[in-house]
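Q: One structure, pasted below without further comment.
Every read-out reported here was derived from the displayed coordinates using simple, explicitly stated rules and does not represent laboratory data. Remember, it's a predicted structure, so these values are computed and weren't measured experimentally. Methodologically, a virtual Cβ is constructed for each residue, glycine included, from the backbone with ideal geometry; neighbour enumeration extends over all protein chains shown.
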Amino acid sequence: MFLSILHRMTGVFLSLGLVVFALWLVRASAGPEQYQYFRAAMGSLPGIVLLIGCTFAFLLHAANGIRHLVWDTGRGLEIRDANRSAWLALAFSALGTAVLWGMRL
Amino acid sequence: MRLHSPLARVLGSGAAGEGTGHFVAQRISSVALLLLGIWFLYRLFSLESFAFLDVQRFVADPMNAVLLMLLTVSMAHHSWLGIQVIIEDYVHEPLVKILSLIASRFLHAFVAVAALYSIVSIGLNRL
């Protein structure tokens, strides 16, 4: 149940991620000096927290999106199945974020 | 009596005269994003570094540039559709709602075109 509102919240958060994505490309096309500011901002603690948040939000939104696509076919709608896939989606995104950033940091 | 069959009257009715288009577009863009998103995440986390030259080399590669542009369009489309639903659900004052929807559309178009222009610009600069 809680994943329903989390899907919306991660969705809105990822819209902010879209702005960061665009800013990354815009700054990179503007030249090395301009790009350096962006890189420093994203390398700072708030920047890293934002990027980790985007990674988690993307994985959770994607995993939960797959649940929605499966539901659209009429499958997995039993409460027991829905609860199980909810925890699976949450575990997958938490673990995925940890693995990806564990490699990077 | 009208010379109008019940079916013809029903078609195109409903709250907004259409309904499934938005739903279907949201699902199709979600499938595109699933594929492009996994590719992008994989490439991001296997990128050598985020130094200017490494990022420039990554974006300038033709295949990467094409996929990044597809990713930009899919993300902007999907995000626009999603934000639209959220505005329609939570903003009830008609004027504020309409203005929010227009603002969201303009912002999404701006962000998407800015990203697309930058990708092309990086690619052409490397020639």
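Q: Out of all the residues in the stretch A:41-50, is one or more surrounded by 15 or more Cβ atoms within 10 Å (Cβ to Cβ) and at the interface with chain B (Cβ under 9 Å from one of its Cβ atoms)?
A: Filtering the stretch A:41-50 down to residues surrounded by 15 or more Cβ atoms within 10 Å (Cβ to Cβ) leaves A:42, A:47, A:50.
In the following step, the residues that additionally are at the interface with chain B (Cβ under 9 Å from one of its Cβ atoms) were identified as A:42.
Yes; the residues of the stretch A:41-50 include at least one that is surrounded by 15 or more Cβ atoms within 10 Å (Cβ to Cβ) and at the interface with chain B (Cβ under 9 Å from one of its Cβ atoms).
Q: So is A:Leu100 touching a Cys at 6+ places or on another chain (Cβ under 8 Å), crowded, with 16+ Cβ neighbours inside 10 Å and under 30 Å from B:Val120 (Cβ atoms) or not?
A: Taking the combined requirement at face value, the residue does not satisfy it.
Q: Right, here's the next one. Is at least one residue of the stretch A:58-72 acidic (Asp, Glu) and outside any helix (DSSP H, G or I)?
A: no
Q: Let me ask something else. Which one of A:Ala57, A:Ala22 is touching a helix residue (DSSP H, G or I) at 6+ places or on another chain (Cβ under 8 Å) and at the interface with chain B (Cβ under 8 Å from one of its Cβ atoms)?
A: None of the others qualify; the one that does is A:Ala22.
Condition check ((1) farther than 24 Å from B:Ser104 by Cα; (2) under 15 Å from the mean Cα position of the chain (by Cα)) across all residues:
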{"site": "A:Met9", "(1), (2)": "no, yes"}
{"site": "A:Ala62", "(1), (2)": "no, yes"}
{"site": "A:Gly65", "(1), (2)": "no, yes"}
{"site": "A:Leu77", "(1), (2)": "yes, no"}
{"site": "A:Arg80", "(1), (2)": "yes, no"}
{"site": "A:Ala91", "(1), (2)": "yes, yes"}
{"site": "A:Gly96", "(1), (2)": "yes, yes"}
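Q: Tell me, which helices (runs of 4 or more DSSP H) wholly within the stretch B:12-124 include 3 or more residues that are surrounded by 13 or more Cβ atoms within 10 Å (Cβ to Cβ) and among the hydroxyl-bearing types (Ser, Thr, Tyr)? Can you show your working first?
A: Working: elements: B:20-46, B:52-60, B:62-90.
Hits in the stretch B:12-124: B:62-90.
Q: Please determine, by comparing only the residues of the stretch A:60-84 that are buried (at least 18 other Cβ atoms within 10 Å of the Cβ) and not aliphatic (A, V, I, L, M), which one is nearest to the other protein chains (Cβ to nearest Cβ).
A: A:Gly65
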